[in-house]
Amino acid sequence: MYAIFVTGTAGSGKSLLTSRLIEWYSSNNAYAVAMNLDPGAVSLPYEPAVDVRDHIDFDTIMNSYSLGPNGALIMASDMIATKLNDIQNEVDEVNPDYVIIDTPGQLELFAYRASGPFFVSNLSCENKAAIFVFDGMLVSSPTNFISIALLATSIRLRLRIPQVNILSKIDMMEAKNSVLSWAANTALLEQAIAGEKDSENYLLSMRLLQSAMKGGFSVGLLAVSGATAEGMINLGATLGRIFKMGEEVEG
């Protein structure tokens, strides 16, 4: 079994991508299931085979501990690690080829508290990878692009597993080619930053970029649309190389 953790900022399209990955693997004769790790999720575009909401009741936490929505989310996210054995047993019973794990919309609660990395590290499977979703609606400016790219790098440091960065919502983007060029060529990103009128942001962005480059900062992006399924072949091939050293899913 291979595990794919789908991460990204709230509203970036994680759940829709999870649904598309299930469809893509299924169409290529692989048994893939979804796992929902968001205890606060109201509706999902897929039917999870494993659902953390079966183990953690968000409303009960709010009522039992007199917490508001934010406090309940923090507690619920921390409780995910305590349910790992139960979740592992459910996954093992289903016995899929791939489990696609839709992580909480509040990325910081999953990645920066101890429970998220603990879950990633201790889920038992043959191999693991993460997808970080760059929200195409957020990264159309070079300053925003750098901010999200640094966040993606931080998530990779926290989860410590191979990571694929994708650009989502490409069917809605006007600046898709510019964003993809920034990801492929930092010189073009520097030029774009220089073209911004805010001098304070320019200096900060350039210093962040230059410091990151000294440390080997590099962001490659795959263009993917959850709405149209464009780019799924490239994403599947990239994940295949991670998991099977080049062996792709049979079609």
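The values are calculated or read from the model by the stated rules, or taken from the named source; none is laboratory data. Keep in mind the model is a prediction, meaning the values are calculated, not measured. For neighbour counting, all protein chains shown are included, and Cβ atoms are generated from backbone atoms with ideal geometry for every residue, glycine included.
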Margin query: On the basis of being within 29 Å of Leu208 (Cα to Cα) and modelled with pLDDT of 95 or more, does Val50 make the cut?
Written below: no
Within the range 123-144, residues surrounded by 23 or more Cβ atoms within 10 Å (Cβ to Cβ) and modelled with pLDDT of 90 or more come out as Ala130, Ile131, Phe132, Val133, Phe134, Gly136, Val139
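For (1) touching an Asp or Glu at 6+ places or on another chain (Cβ under 9 Å); (2) basic (Lys, Arg); (3) not in a helix (DSSP H, G or I), each residue gets a yes or a no:
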| residue | (1), (2), (3) |
| --- | --- |
| Arg53 | yes, yes, no |
| Ile56 | no, no, yes |
| Ile101 | no, no, yes |
| Val120 | no, no, no |
| Leu138 | no, no, yes |
| Thr143 | yes, no, no |
| Ala149 | no, no, no |
| Ser154 | no, no, no |
Taking the range 39-56 and keeping residues buried (at least 17 other Cβ atoms within 10 Å of the Cβ) and under 15 Å from Val99 (Cα atoms) leaves Tyr46, Pro48, Ala49, Val50, Asp51, Val52
Going through the range 99-118 in order, the residues found to be crowded, with 23+ Cβ neighbours inside 10 Å and among the aromatic types (Phe, Trp, Tyr) are Phe110
Inside the range 8-42, the number of residues satisfying the requirement of being farther than 21 Å from Gln88 by Cα, in contact (Cβ under 8 Å) with a residue 60 or more places away in the chain, out of contact with any Gly (no Cβ under 6 Å at 6 or more places or on another chain) and assigned to a loop (DSSP other than H, G, I, E, B) is 4
